[in-house]
Each structure stands twice: as structure tokens, then as C-alpha cells.
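Since the structure comes first, as C-alpha cells, the remarks are kept for the end.
Quick note: the coordinates plus some simple rules give every number you see, no bench work behind them. Note that the coordinates shown come from a computational prediction; the quantities given were computed from them, not determined experimentally. With ideal geometry, Cβ positions are generated from the backbone for all residues, glycine too; neighbour counts draw on all protein chains shown.
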């Protein structure tokens with residue numbers, strides 16, 4: 001049973017996916033479904049003994065093509081539609097105990113190319129409105145498979161938060177002729193206090209308007225909307241920026257930092273590609289929870305100042 | 001240091017409140033700041049040996065009046081404003097180990113009157129745009145003081161999620177002349193499968209569009225926008241409905257259920273008062289986490305069907 005249901009008060013689609021309740025939950029290392037198949041009597045999701053990076057459709061998908069049939073409701077505020085779309089799993093490496101931060105630069109460069117390839121394929125499919133590449137890392141985020149992997153959701157609609165972002169960026173562009181990201185990055189670079197790292201192609205920073213204490217955004221300096229417009233030099237620089245950010249987060253408190261990593265991209269003139277890391281810790285020992293103000297009203301409370309957390313991340317660089 | 005910063009992409013205010021980083025964190029029972037003051041050498045937040053229900057301003061407020069001064073930024077996308085407003089704490093009882101679900105009906109009836117009184121006072125103050133009464137319960141939600149209490153935030157702006165709700169309700173009212181809540185409740189009552197409890201005045205249900213598996217909404221059957229329009233009979237019925245919902249959530253899995261409880265209300269014709277319980281469990285042993293799809297894109301994935309969870313809550317009634 002899987003379908004999309006419209007929330008008429010919050011103006012957003014919820015995915016109902018009852019088969020996911022039984023998805024694999026912290027399997028023992030020997031039974032990891034994302035490891036290579038080493039014993040043909042015990043096949044994993046990946047039917048090979050060796051691989052570099054593997055991509056396949058999620059066995060417990062929230063969205064799939066073709067979707068199960070739904071009984072459509074008759075009125076204009078109780079709406080249902082099929083949960084069409086694609087959910088893919090991207091396994092970064094055969095090494096069960098690795099993390100993104102520990103991969104070689106060459107491996108992350110290859111991962112960026114895999115993402116570009118998957119983005120190009122999925123965004124071109126009929127009925128797909130938005131392609132979201134992301135990684136949930138760590139049990140604090142609810143991850144139930146520790147093998148290093150990311151995911152890709154190809155939604156049949158523009159998600160609610162993305163719609164807000166696109167609308168903001170479109171309006172700013174119409175008003176000024178410039179990308180909102182351009183004007184914001186100019187402000188950040190002139191101020192300088194929240195910049196964490198910088199290369200020829202990319203800038204990494206804790207934004208002025210950070211909602212999470214150690215939130216990191218990575219943006220290209222040029223107005224590049226998606227991975228598709230990135231050449232090899234740019235993709236390699238992106239790989240290094242992502243690796244640098246993940247390594248800084250690990251170095252910050254001396255443990256492997258959980259996070260939600262999101263790639264935001266959409267093929268328009270007014271939007272700019274962005275990678276966002278949301279780590280759930282507000283101190284070394286305390287988590288940031290989304291409670292009443294955040295979950296009920298959409299008002300985040302940040303107990304830190306980006307002007308104070310950015311220098312900590314600037315200093316948190318592991319020795320090479 | 002406390003101020004509001006505008007997120008120009010997400011169109012929402014974030015509260016920066018650095019003094020909150022040091023707020024009281026799981027004090028031992030003997031040092032609970034919400035207990036009555038029993039020893040004058042060790043005063044708590046409540047300078048009395050006895051009380052029924054206590055309300056006072058939060059010692060670590062996100063919003064306060066007058067707010068600290070801010071340096072206003074000069075452009076139209078990087079905006080800052082003072083964090084004016086009020087944050088109150090509502091201590092339900094002097095009993096340190098009680099919970100809302102375990103209070104007497106008479107006590108919850110009194111609590112509803114305290115809420116009504118605080119709402120009337122705060123919503124009438126200059127500069128207050130929205131008054132949000134809520135309770136965060138349980139360490140799973142990040143609560144650091146276990147003594148039973150709720151909170152009230154009086155915001156100097158309409159929070160982003162509330163703005164969406166108000167807009168949906170306003171548009172439906174303009175189009176149909178009826179409240180969105182009216183049409184939705186009619187649909188729910190005709191269908192019947194998701195109704196959990198019902199009295200002369202209130203209805204309790206898992207909505208058709210539930211984002212959380214055991215999400216409960218309590219609405220008045222009449223088009224009542226806020227506590228201020230409720231007479232004594234209605235307030236008493238509300239108290240019983242809230243107590244019933246909290247007790248069902250405790251009975252569901254046999255442990256004291258954590259939750260975010262929100263009172264949504266706004267003084268307009270087109271909105272209806274609502275109490276919402278968001279419990280974070282998706283099974284007895286598994287939490288529902290907000291990960292990539294939810295936190296990054298605003299798309300919730302519900303692993304259950306409201307048609308299946310509502311009957312569980314209907315059956316989860318403790319013996320009186």
C-alpha cells in the first residue's frame with residue numbers, strides 16, 4: 001500500500017508507504033544487504049564480489065514506477081494520487097565500515113560523476129518533477145543500515161520546501177536580474193566571518209541565517225544550476241569541497257559526525273546548485289531536537305551564532 | 001545575544017538565542033527548578049511551598065520584551081530584527097513525577113482555563129502576532145526538564161507553518177463560504193474509519209493526511225477559532241478530550257508516550273481551534289525520524305495507514 005495524500009492545511013504531499021515498516025533494521029554486519037555478495041548462498045542487494053560504486057532501486061521504495069493503483073477521492077481538498085517516482089540507493093564503497101569522509105578523493109570524484117549520471121537520467125524521465133540526491137548518516141538521524149550509502153528520490157511533484165526555495169529565487173531574479181545566491185554570497189564574502197573554506201570553484205560556509213549550529217553550505221562561485229553544467233575540473237573541485245566539509249565535521253568533536261547531506265539543484269537560470277550538511281549536534285554531547293517551535297510552527301531556534309561556529313569549523317581540519 | 005534572522009531561501013525567521021546553550025540540562029530530582037520551593041536556601045523558579053498551576057516567564061527565553069538591541073543589516077534579503085515576544089512556562093502540578101495523562105480531570109479543566117487566560121493576555125499585547133501554546137514531552141523530543149510543564153511562545157510575527165495553514169484556510173473559506181476544517185471533518189465523519197473518540201463538543205481523530213503514524217487531532221465540532229470563544233461546558237469537554245488522547249497514547253504501547261502537543265488557534269472566522277499530538281514512535285520500539293525527505297524537502301513518509309493506526313488508538317483506552 002503506497003500512495004500520496006494531500007495535506008490541505010499544510011499544502012504538502014505525504015507519502016504513505018506501509019511496506020517500509022518492515023524494512024531492514026540494523027542487520028548484523030554479516031548480513032549487510034549493501035556489502036558485495038561474497039557467498040552465493042547469501043546474496044546481498046549487489047550480485048557481485050567486487051564493485052566500485054553501486055546504484056540500484058530501493059527494495060523498500062517510497063515511490064516507484066509503475067505505482068500501485070489508488071482510489072481517487074472525489075473532492076478538491078482530500079486528494080490522493082499514485083506514488084509514482086523512483087527511489088535509488090547509491091552504495092559508495094564495498095567497505096562496510098567506511099564513511100564518506102574517509103573515502104579517497106578519487107572515489108568522491110567518481111561519486112560526483114555517478115550523481116551527475118543519475119541526475120541526467122532521472123530528471124529527463126516523464127512525470128519526474130524533482131530529483132533529490134541525499135545521504136542520511138548516523139543512528140541519530142534514524143539510519144538503519146550503517147554501510148556507507150546515499151539515496152536519490154525522484155519525486156512526481158515539486159516538494160513543498162523546494163517550492164518555497166524556487167519561489168524565493170525566482171522572485172529575487174525577476175526583481176534584480178541576479179541570482180539570490182549571487183547576492184547572498186557577495187554579502188557573505190564581504191563579511192567573511194562565516195566562511196569556512198574556499199577554492200577556485202566553491203565556497204563553504206555557515207550561513208548568516210543558519211538554523212542548525214554546525215550547518216554547512218557549499219556553493220559554486222559561478223551561477224551553475226545543476227551537476228549537468230559542471231565540467232571535469234568543477235566536479236573534481238566539488239568532490240574536494242564535499243570531502244573537506246565531511247572531514248571538518250568529523251574533526252570538530254572527534255567523532256564521526258552524523259548528518260543529513262542534501263544536493264539542491266534545479267535546471268533554471270535563477271537557481272544555484274548547493275550542497276547542505278545538517279549535523280544534529282549543538283555541542284559535543286547535546287543533540288539539537290526539532291520540538292514545538294520547529295515542528296509545530298516552523299520557527300527554528302539556534303542556540304549558537306554562525307559567527308562563532310564557523311571559526312570552529314575553520315579550525316577543525318584533520319592533518320592530511 | 002538574541003535576534004531574529006531572515007532565511008531568504010526558506011522565507012522564515014530563525015531565532016538566534018545563544019544564552020540558551022547553557023540552559024538547565026537534566027538536573028537531579030532534588031534540584032528541579034519547576035518544583036515548589038521547599039527550602040528557602042534552595043529556591044526554585046516558584047517561590048512557594050504550595051501551588052496548583054504556576055505560570056512564569058522562561059529564564060532562558062528565545063523571545064523577550066524588551067528584546068536586546070540588534071544591528072540592522074542594510075539590504076532586503078539579509079534581514080535582522082529584535083527577538084521581541086514572550087516565552088512562558090506553565091507548570092501543570094507540584095508533583096515532580098506526574099504527567100498530563102495522569103492529572104485529574106479537574107486539574108486539566110483548570111489548565112484549560114489558565115491557557116485561556118494566558119492566551120487572552122498575550123494575544124492582546126502590542127507587537128504580538130501569534131500565540132502558540134504547546135508541550136514538549138519526553139527525552140526523545142529533547143526535553144531536559146522532566147517535571148510536567150508546557151510552554152507558551154508569543155511571537156512577533158506569524159510563523160511560517162502557521163502562515164501556510166492560515167492561507168489554506170482563508171482561501172477555502174473565500175471559495176466555499178465554509179471552514180476548511182468543517183469540510184474536512186464532514187469527510188472524516190462520513191468515512192468514520194479514522195475517528196478515535198467523540199463527545200458532544202469535540203472529535204478526536206488520526207487525519208486522512210497524517211504525517212506521523214499516531215498523530216492525533218482534536219477539533220471542536222462547532223466553528224470555534226480560539227479558547228476565548230469557549231464557554232465552561234466547552235472548556236471542560238476540551239479538558240476531557242485532551243486527557244483522553246494523552247491516556248490513549250500511554251495505553252497504546254504500555255509506556256508513557258513522548259509527544260509534541262500543539263494548540264493551534266487564531267482569532268479569525270475561517271480558522272478552527274485544534275489540538276495536535278505528534279508522538280515520535282512508529283512502532284513500540286522504533287522512532288520516526290525526520291531525515292532527508294522530511295528535513296530537506298518537506299515531504300513526510302508515513303510507514304502506516306491512518307485507517308490502521310486509528311483503530312489501535314480507539315482500542316487503547318485504559319480502564320477508568
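Observations on the structure shown:
- Measuring from each Cβ of chain B to the axis that turns chain B onto chain A, the shortest distance belongs to B:290, 3 (residue, then whole Å).
- In the protein assembly as shown, helical runs assigned H by DSSP with n ≥ 4 each contribute -39500 (n - 2.57); averaged across all residues and rounded to the nearest 500, the mean residue ellipticity at 222 nm is -8500 deg cm²/dmol.
- Distribution of pairwise C-alpha distances over the stretch B:161-315, 5 Å bins, in %: 2, 9, 17, 21, 20, 17, 10, 3, 1, 0
- Between copies, the label points at residue B:22 (set 7 angstrom from Cα along Cα-to-Cβ) are spaced 5.4 nm, reported in nanometres from shortest to longest.
- Inter-copy label distances at residue A:59 (7 Å, Cα→Cβ; nm, one decimal): 5.2
- Quotient of C-alpha Rg and 2.2 N^0.38 Å, computed over the stretch B:103-202: 1.36
- Shape call, the stretch A:161-216: gyration tensor on alpha carbons, a/c limit 1.5: oblate
- Kirkwood-Stokes translational diffusion coefficient of chain A, alpha-carbon pairs, 25 °C, 0.890 mPa s, µm²/s: 117 µm²/s
- The same position residue A:269 in the other copies lies at 4.3 nm from this copy, comparing label points 7 Å beyond Cα toward the beta-carbon, shortest first.
- At 1.306 mPa s and 10 °C, Stokes diffusion of the protein assembly as shown via Kirkwood alpha-carbon radius, µm² per second: 61 µm²/s
- Residue A:308-residue B:121 pseudo-label distance in nm [points 7 Å out on the Cα-to-Cβ vector]: 3.1 nm
- Value of D in µm² per second that Stokes-Einstein yields for the stretch B:59-139, Kirkwood Rh from Cα pairs, at 37 °C (0.692 mPa s): 211 µm²/s
- Out of every Cα-Cα pair that the stretch B:187-238 contains, those further apart than 13 angstrom amount to 60 percent.
- Shape of the stretch B:118-170, Cα gyration tensor, a/c cut at 1.5: oblate
- On the basis of the beta-carbon distance and an R0 of 41 Å, residue A:269 and residue A:25 show a calculated FRET efficiency of 0.40.
- Cα point-scatterer Debye curve for the stretch B:2-159, base-10 log of I(q)/I(0) at q = 0.09, 0.14, 0.18, 0.20 Å⁻¹: -0.35, -0.79, -1.17, -1.34
- Normalised by residue number, the volume inside the convex hull of the Cα atoms of the stretch B:267-320 is 163 Å³ per residue.
- Ordering of B:262-269, A:119-126 by burial proxy (mean other Cβ atoms within 10 Å per residue, highest first): B:262-269, A:119-126
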